[in-house]
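The values are calculated or read from the model by the stated rules, or taken from the named source; none is laboratory data. Keep in mind that what you see is a predicted model, and the values were worked out from it rather than measured. Every residue, glycine among them, receives a Cβ derived from its backbone with ideal geometry; neighbour counts consider all protein chains shown.
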Amino acid sequence: MVSYLFRLYFKPVSPLLIGGIREGVETYFLEERGEKIIPFSSWKGAFKRVSELVAKSYNDPILKSHIDDGHENPPSDEAEKIAEKVCEKSCKGSELKKTEYGFLFSAGGSYNKKEVVDLISKFLAYKQCPIEGIYGSELFAGKVVFSDSLISSSTLIELTRTTIDRKTWTVKERHLYTEELLFPDKIEVKVLLRNPNDKEIKLWKETLDFIEKLGLQIGNGKSKGQGLLNLDVKESTFRKVDGTKISPEENIEKFR
């Protein structure tokens, strides 16, 4: 199967704050070894939110059942068959280990039939869902890997803010604080998508299309309009990796 390497470039539309490291009333941008960074986890979370929005338009029962990293009423027919074969009153982990879903169970464990059905059903829903396929689940790792992004050139902005009391809609006393925001010239992130199936590649392409048209929000203060980024499609590139063969770098517009 084919994997893909992406080099994506973003241009900020609004200043951003990542990490929110607090010292007293000051909130600082995330640093590592003295350098301002956007960690891979922030990229993954931002992209996943977009993919979940895109997936809502699909006429796919598995995607429609995807809610908060889980699934409502996951498929259970296959799980019921396994449980019927192995379980009587209880299911021994050593017997479950002999099935094709044995990796889900502990050899020394003991399970009731409902636990077996629930766990296998959950796994099958995750495996059929391109969201979990790309970004991972509690039962297996995802197929996408993001790099950290080093911010090398940016404008520093310090904003002093207040907190509003939601009951009185007045400014809270003793709630004055300062945030350190950055407005980078551009941001680069490298992405590896490993061996996606047809459903996953479709969702990934439409995720990139959504981001190109509407932007991507990342970091703190989204409700304040912070962290909005535009994808620079002219500069962003991708490569195909097929076994040991890596294709020349091409503009991302050819990928979509």
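Matching residues to (1) in contact with a strand residue (DSSP E or B) (Cβ under 6 Å, 6 or more places away or on another chain); (2) more than 18 Å from Ile252 (Cα to Cα); (3) of a type outside the set (Ser, Thr, Tyr); (4) at pLDDT 95 or above:
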residue: Ile134; (1), (2), (3), (4): yes, yes, yes, yes
residue: Leu139; (1), (2), (3), (4): no, yes, yes, no
residue: Val171; (1), (2), (3), (4): no, yes, yes, no
residue: Pro196; (1), (2), (3), (4): no, no, yes, yes
residue: Glu206; (1), (2), (3), (4): no, no, yes, yes
residue: Ile211; (1), (2), (3), (4): yes, no, yes, yes
residue: Gly219; (1), (2), (3), (4): yes, yes, yes, no
residue: Lys222; (1), (2), (3), (4): no, yes, yes, no
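None of Phe10, Phe40 is aromatic (Phe, Trp, Tyr) and either farther than 27 Å from Leu139 by Cα or not assigned by TED's automatic domain parsing to the domain that holds Asp209 (or both) except Phe10.
Residues in the stretch 96-146 that are small (Gly, Ala, Ser) and surrounded by fewer than 17 Cβ atoms within 10 Å (Cβ to Cβ): Gly102, Ser106, Ala107, Gly108, Gly109, Ser110, Ala141.
So for the stretch 103-119 (the condition being under 28 Å from Lys202 (Cα atoms) and touching a Phe, Trp or Tyr at 6+ places or on another chain (Cβ under 7 Å)), does at least one residue qualify? Full working, then the answer.
As a first pass, look at the stretch 103-119 and keep what is under 28 Å from Lys202 (Cα atoms): 119.
Okay, now just the ones that are also touching a Phe, Trp or Tyr at 6+ places or on another chain (Cβ under 7 Å), so none.
No, that holds for no residue.
Residues in the stretch 9-30 that are in a loop (DSSP other than H, G, I, E, B), surrounded by fewer than 18 Cβ atoms within 10 Å (Cβ to Cβ), at pLDDT 75 or above and not hydroxyl-bearing (Ser, Thr, Tyr): Val13 alone.
Within the stretch 232-249, how many residues are of a type outside the set (Ser, Thr, Tyr) and touching a strand residue (DSSP E or B) at 6+ places or on another chain (Cβ under 6 Å)?
From the stretch 232-249, those of a type outside the set (Ser, Thr, Tyr) are 232-235, 238-243, 245-246, 248-249; that's our starting set.
Restricting the remaining residues to those that are touching a strand residue (DSSP E or B) at 6+ places or on another chain (Cβ under 6 Å) gives 232, 235, 238-242, 246, 249.
The number of residues fulfilling the criteria is 9.
Pick from Ala79, Ala55, Ala46: which is more than 18 Å from the chain's Cα centre (by Cα) and in contact (Cβ under 8 Å) with a residue 12 or more places away in the chain? Just a single option satisfies the conditions, and that option is Ala79.
I'm trying to understand the selection: among the residues of the stretch 31-64, which are among the aliphatic types (A, V, I, L, M) and not in a helix (DSSP H, G or I)? Once the filter is applied, which keeps residues that are among the aliphatic types (A, V, I, L, M) and not in a helix (DSSP H, G or I), the stretch 31-64 yields Ile37, Ile38.
Return the residues of the stretch 97-145 that are among the charged types (D, E, K, R), closer than 28 Å to Arg194 by Cβ and touching a helix residue (DSSP H, G or I) at 6+ places or on another chain (Cβ under 6 Å); say none if nothing qualifies.
Glu132, Lys143
Taking the stated definitions as given, is Phe29 farther than 18 Å from Gly136 by Cβ and of a type in the set (Phe, Trp, Tyr)? When the stated conditions are applied, Phe29 passes them. Picking from residues in the stretch 50-80 that are at pLDDT 90 or above and surrounded by 15 or more Cβ atoms within 10 Å (Cβ to Cβ), the one that is farthest from Gln217 (Cα to Cα) is Ala55. Applying a threshold of 8 Å to beta carbon distances and a minimum spacing of six or more residues, or different chains, the list of pairs starting in the stretch 229-256 at a residue that is farther than 13 Å from Tyr4 by Cβ and touching a residue at least 40 places away in the same chain (Cβ under 8 Å) and ending at one that is acidic (Asp, Glu) and surrounded by 15 or more Cβ atoms within 10 Å (Cβ to Cβ) reads Leu231/Glu212. The single condition among (1) at pLDDT below 90; (2) acidic (Asp, Glu); (3) touching a Ser or Thr at 6+ places or on another chain (Cβ under 7 Å) that Asp185 does not meet is (1).
Can you confirm whether Asp68 is on the phi > 0 side of the Ramachandran plot and within 29 Å of the chain's Cα centre (by Cα)?
Here the answer is yes, as Asp68 does meet what is asked.
Entry remark, the stretch 124-159: residues being under 17 Å from Ile201 (Cβ atoms) and not hydrophobic (A, V, I, L, M, F, W, C) number 9 in total.
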